[in-house]
Structure formats: structure tokens, C-alpha cells
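The values are calculated or read from the model by the stated rules, or taken from the named source; none is laboratory data. This is a predicted model, so every value here is computed, not measured. Heads up, the Cβs are rebuilt from the backbone with ideal geometry, glycines too, and the neighbour counts pull from every protein chain shown. Surface accessibility is based on the protein's heavy atoms, side chains included, excluding ligands, DNA and RNA. Shrake-Rupley method; radii C 1.70, N 1.55, O 1.52, S 1.80 Å.
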Amino acid sequence: MGYKSYFEDKKKALETYKPELTRAEDFWDFWQETIKSVNGKNLDPIRIQIEYPSEYVKVYKISYYGYDKTRIWGWMAVPVFTKEEKLPCLIQYHGFTDSCGFPWQLMHWVMMGIAVIAVDCREQGGFTGNCADYITMGQVGNVVTKGLLDKREYYYRAVYMDCIRALDFAERCSEIDKTKLIVRGTSQGGALAMAVSSLDLRPALAIANVPSNSNIEKRVIGHYGSFGAVSDYLKRYPYEAERVFHTLSYFDIMNMAEAVRCPVFASVALEDEVCPAACYYAAYNRIPGEKEMMVYPFNGHDGAGNLHMEHEMEYVKRKGLL
């Protein structure tokens, strides 16, 4: 079998991969209740302009209240060379244990005439802490195991809402065209872009690179990436497996994907042993609307990042959001 036929066969198998959903009967009720619990809550948005060496951009340190009283920190970069009164805005979510990064890392989007908001995930590698209370057993390995025994306490419940609140922040900015909100991320960030697009109708476009948080049972069983910590948790507490998998099912983007209504531009890499391609295809194959996938056969969890970035930029331009 030659390379071309091998690759085509592998791709066909991925495009038909649809493991059984793990969604509980109260799945959407749980998320409606969660969203309702934060709607109308004080956002207390803050943005402070900082000195920056380029005259073509204004850079702000920003923060807002997330799901609870945790203040989410990040950056906002606004191009000042464009004549447009209202700008499209890309909201960027980062990979696991990373942070909102540095302003220079946003400048390729700014040079397209796009405002960018990059935000931390709570209790990871950035400025943002975590005010949430956890009553159930403590974490093992990393934050993916926080609150595993109760869907109302689970770590990603707050994180998904923090990310939706970033849309609220963007909408309050006078420079932003709220009909042109783009959500973007890689790995964990790709999962967050998918979750936000499933739970909120405001994104006009989602970019999800080598996404995490999909087909989570497979991730745990295979000890893949950050969810390997759940495997370690279950080594210590094997009798809690049923409760753990029940909790995780509410945060699996495979169970959410049918609610995505905006176009999705996604990528996977066939040598990815952190977020295996099949795991994300379990969600991607359930997106009902417009979608496009880039498959990198020889890349791992890097997802052909530098090369793929230019494809992302081309896609945004092609979609007419500029």
C-alpha cells in the first residue's frame, strides 16, 4: 500500500468515527442552568492601556469576573491603523498549563485589522487564580481532576463559563463589532473554542486546533495528555470510576458538538499522542453545519503550528470577516 492510499484510508476511517455519546438526560438542562447562573452577574471589566513599542497598536491589560469571583486576566490588542469604526475581534484561549502569553504573540492578527483578546484559564500558567470551592476529594496530578465527583464542582464548569464571559467583555468594548466574534485555540484552547461555540450563539467563527476534551473516556483509558491525570486518580480511587466518567460526560465536547452553529475551521495531526485525531473526530463528525478540517499526517501535538497559522489567517480572510 502506497502512502497516498494509506493516508486516504486513515482519513476515511476518521471521518466515519462516531463512538456512542455519553450524554446524560439532563445534559442540556445542566448547561442552561449553568449559563443562567452567570447571566447578568457583575462582570466588572477593567482595561488599562500599557506602553507598547509599536505605534500601530494599542495594548491593554484586561480583567473581568469569570464564573465566580475569580478575576480572569488577559491582554487586549487593538489595531489603530485601520479606518474601520468597528473591528472584528478574535478571542484566544490557550493550551493546558499555558497562559494568555505576551502581546507580541497576537500581532499577526492585529496586522490583519483584527482586535484580539487573549485570556488566562484559571489556576494554570498565567496571572489568574481560582476562587472556586471544592468539597469532593482533592486533585491528583493536575487541575483536570478537581471536583471530579460532582459535575457542579468540576473544574471545567467554571472554565467554560469564564471563556463565555470573555465574549461579554468583548461586547462591552466600543471598538468591537459584536457580529464578528471569532473564538480560537489550540489543544485545551481548541476545546474551549468548541465548548463556547456549542453553548453560545455569538461566535461568528470557531478555530479549533488539535483540540482536547473530546471523546474523554478514550482519553482517560489511553492515558492521553492531561486526562492521564484522571487515569492516575482512578488508580487511587478505582471504586469511583462510574461517578468520574459521569461527571466528565458533561464536559465532553463530543456531547456538545451538535449544538455548534457557526463555521468551524479545525486541525488534527495523525502522530498526535496527546490529543489523538480520532478523539476530536468524535466531536467534529457531529458538527451539523459548515466545517473544514486540515489533517497533518506526520505531525504530533505541534499540529504543524507555524504552517497552520497561515491557513488560519487565510480562512478568516476567506470568510469575509475583515
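Considering the chain as a Gaussian network with a 10 Å cut-off on Cα pairs, which listed residue, Ala195, Ala132, Ala278, attains the greatest mean-square fluctuation?
Ala132
Would you please report the Å³ per residue occupied by the convex hull of the alpha carbon atoms in the chain?
Given the Cα convex hull of the chain, per-residue volume reads 129 Å³.
Could you tell me the largest-minus-smallest coordinate of the C-alpha atoms of the range 96-209 on each of the three principal axes, in descending order and whole angstroms?
47, 29, 25 Å, listed from the longest principal axis down.
Take peptides 142-151, 95-104, 286-295, 158-167 and line them up by average Cβ neighbours within 10 Å, highest first, as a rough protection proxy.
158-167, 142-151, 95-104, 286-295
What FRET efficiency comes out for Glu171 versus Tyr17 if R0 is 35 angstrom and r is the Cβ-Cβ distance? Round to the nearest 0.05.
The value I calculate is 0.45.
Points 7 angstrom from Cα along the Cβ direction at Met111 and Thr179: gap in nanometres?
3.0 nm
For the chain, give me the percentage of DSSP beta bridges that are antiparallel, rounded to the nearest 5 percent.
If I count the DSSP bridges inside the chain, around 40 percent turn out antiparallel.
Mind listing the long-range amide H neighbours of Leu90? Cut-off is under 5 Å, sequence gap 5 or more, other chains count too, H placed in the peptide plane at 1.01 Å from N.
Ala115, Val116, Ile117, Ile182
What pairs from Lys291/Lys317; Lys12/Lys317; Lys12/Lys291; Lys36/Lys151; Lys58/Lys180; Lys86/Lys180 go past 18 Å between their alpha carbons?
Lys12/Lys317; Lys58/Lys180
Viscosity 0.692 mPa s, temperature 37 °C: give me the Stokes-Einstein translational D for the range 1-145 in µm²/s, with Rh taken as the Kirkwood radius over C-alpha pairs.
For these conditions, the coefficient is 173 µm²/s.
Using the eigenvalues of the Cα gyration tensor, what equivalent ellipsoid semi-axes result for the range 3-51 when each is taken as the square root of five times the eigenvalue, whole Å, largest first?
Calculated on Cα positions only, the semi-axes equal 42, 26, 5 Å.
Okay, which of the range 76-99 sit inside 16 Å, backbone N to the point 7 Å along the Cα-Cβ direction of Tyr56?
Once the point is set 7 Å along Cα→Cβ of Tyr56, 77-84 turn out to lie under 16 Å by backbone N, inside the range 76-99.
Please identify the helices of the chain, taking whole runs of DSSP H, that span at least 24 Å along their own axis as judged from the Cα atoms and have a mean Kyte-Doolittle score of -1.0 or higher.
155-171
Could you state the accessible area per residue of the chain in Å², with a 1.4 Å probe and every protein chain left in place?
44 Å²
Rounded to the nearest 500 deg cm²/dmol, what is the calculated helix-only ellipticity per residue at 222 nm for the chain, with -39500 (n - 2.57) per DSSP H run of length n ≥ 4?
-10000 deg cm²/dmol
Between Glu314 and Lys86, what is the FRET efficiency for a Förster distance of 30 Å, r being their Cβ-Cβ separation, to the nearest 0.05?
Here the calculated transfer efficiency is 0.85.
Which value in nm describes the separation of the simple spin-label points at Ile48 and Asn306, placed 7 Å from the Cα toward the beta carbon?
Label-label distance for Ile48 and Asn306, simple model: 3.5 nm.
What ratio of Cα Rg to 2.2 N^0.38 Å holds for the range 51-116?
1.19
I'd like the carbon and sulfur percentage of the solvent accessible area for the chain, probe radius 1.4 Å, heavy atoms only, ligands and nucleic acids excluded.
Result for the chain: 51 percent of the exposed heavy-atom area is carbon or sulfur.
With viscosity set to 0.890 mPa s and temperature to 25 °C, compute the Stokes-Einstein D of the range 111-156, Rh being the Kirkwood radius across alpha carbon pairs; µm²/s, no decimals.
Value of D from the Cα-based Kirkwood radius: 196 µm²/s.
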